[in-house]
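Structure first, then comments.
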Amino acid sequence: MLLGPLLGLPLPLRAGQILWINLLTHGLTGVAMGAEPVAKGTMRRAPRPPGQHVLGDGLWQRLLFLATVVTAGSLTAALVARGTGAPWQTVLFLSLLMAQLGVVLGLRDRLVTRENLFLPVAVAASVGLAAAALYLPVLRTLLGTVPLSPQEAAPALAGAGLGFLAARLSGRGRAAGGAREHRR
């Protein structure tokens with residue numbers, strides 16, 4: 001929201017769009033993430049030192065990395081859409097939402113597991129509700145979106161893959177750090 005105007009995107013997202021994104025990415029999937037199985041070896045790790053910040057042990061760097069990738073990818077999709085005359089605000093809305101859903105799936109310790117079927121169902125429901133925001137007239141009016149053609153939606157949908165890859169890459173760094181801790 002802060003960088004958009006500097007890049008020539010006067011009002012990157014409307015208030016209703018931000019709320020819709022938060023509802024789908026933090027509501028549905030956030031609750032489902034709470035049911036994720038515990039990572040293997042968790043109980044064998046030493047506890048966090050009492051004085052360590054909640055975002056310590058590299059977590060704030062991981063968070064910053066993911067936020068940067070999602071922001072850059074979403075703003076790039078919007079700028080490309082604006083350059084081609086596509087509805088850039090809707091592309092930005094969809095790109096940000098899909099990138100965050102990609103991150104959710106990428107953060108899973110085990111990509112495919114039967115231990116938490118709520119998460120894939122929540123992500124699928126969020127994708128369906130994202131599509132409804134673009135193609136259901138009542139939601140389009142409420143959120144200020146417009147239907148996208150497949151060509152217009154492609155850069156936005158690529159955001160899901162970008163978010164997923166960024167989360168997997170950031171997880172590899174954390175796993176390597178955890179392995180170093182176990183060797184000490």
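Cα gyration tensor of segment 1-59, axes a ≥ b ≥ c as square roots of the eigenvalues: rounded (a/c below 1.5), prolate (a/b > b/c) or oblate?
oblate
Explain nothing, just compute: Karplus ³J(HN,Hα) = 6.51 cos²θ - 1.76 cosθ + 1.60, θ = phi - 60°, for every residue of segment 47-55 in order, whole Hz, x for Gly and Pro.
With the stated coefficients, segment 47-55 comes to x, 5, x, x, x, 6, 5, 4, 8 Hz.
Most mobile of 91, 138, 38 per a Gaussian network model of the chain (Cα springs, under 10 Å)?
Taking springs between Cα atoms under 10 Å, the residue moving most is 38.
Between the DSSP loop rule and a limit of at most 13 other Cβ atoms within 10 Å, which trypsin sites (Lys or Arg not before Pro) in segment 35-102 are left?
40, 45
Would you mind getting me the FRET efficiency between residue 109 and residue 14? Use the beta-carbon distance for r and R0 = 35 Å, nearest 0.05.
E(calc), rounded to 0.05, equals 0.50.
Could you work out how far helix 88-106 tilts from the main Cα principal axis of the chain, as a 0 to 90 degree angle to the nearest 10?
Helix 88-106 sits roughly 20 degrees off the main axis of the chain.
For the chain, what does -39500 (n - 2.57) per DSSP helix run (n ≥ 4), summed and divided by total residues, give at 222 nm, in deg cm²/dmol to the nearest 500?
Rounded to the nearest 500, the figure is -21500 deg cm²/dmol.
What are the ³J(HN,Hα) couplings of segment 120-130, residue after residue, when phi is run through the Karplus curve with 6.51, -1.76, 1.60 and θ = phi - 60°? Round to Hz, x for glycine and proline.
x, 5, 5, 5, 4, 5, 5, 5, x, 6, 5
Please go through segment 91-176 and write out the trypsin sites (Lys or Arg not before Pro) that DSSP classes as loop and that have at most 10 other C-beta atoms within 10 Å.
For trypsin sites (Lys or Arg not before Pro) across segment 91-176 that sit outside H, G, I, E and B with at most 10 neighbouring Cβ atoms in 10 Å, the list reads 114.
For the chain, with a Gaussian network of springs between Cα atoms less than 10 Å apart, report the residue from 13, 94, 64 with the top mean-square fluctuation.
Of 13, 94, 64, the most mobile in the Gaussian network model is 64.
Just need the relative contact order of the chain here, percent rounded to a whole number, with Cα pairs under 8 Å and 6+ apart.
RCO, the chain: 32 percent.
Using 0.36 nm times the number of residues separating residue 7 and residue 60, minus their current alpha carbon distance, what extension gain do you get?
Value of the extension gain: 16.5 nm.
Using 1/(1 + (r/R0)^6) with R0 = 45 angstrom and r between the beta carbons of residue 46 and residue 129, what's the FRET efficiency to the nearest 0.05?
Efficiency at R0 = 45 Å is approximately 0.65.
Name the most mobile residue of 151, 52, 100, meaning the one with the largest mean-square fluctuation, in a Gaussian network model of the chain with Cα contacts below 10 Å.
In the Gaussian network model the winner is 52.
Read-outs: derived from the displayed coordinates by stated rules, not from any lab. Keep in mind it's a predicted model, so treat the numbers as computed, not measured. Reconstructed Cβ throughout: ideal geometry from the backbone, glycine too, with neighbour counts over all protein chains shown.
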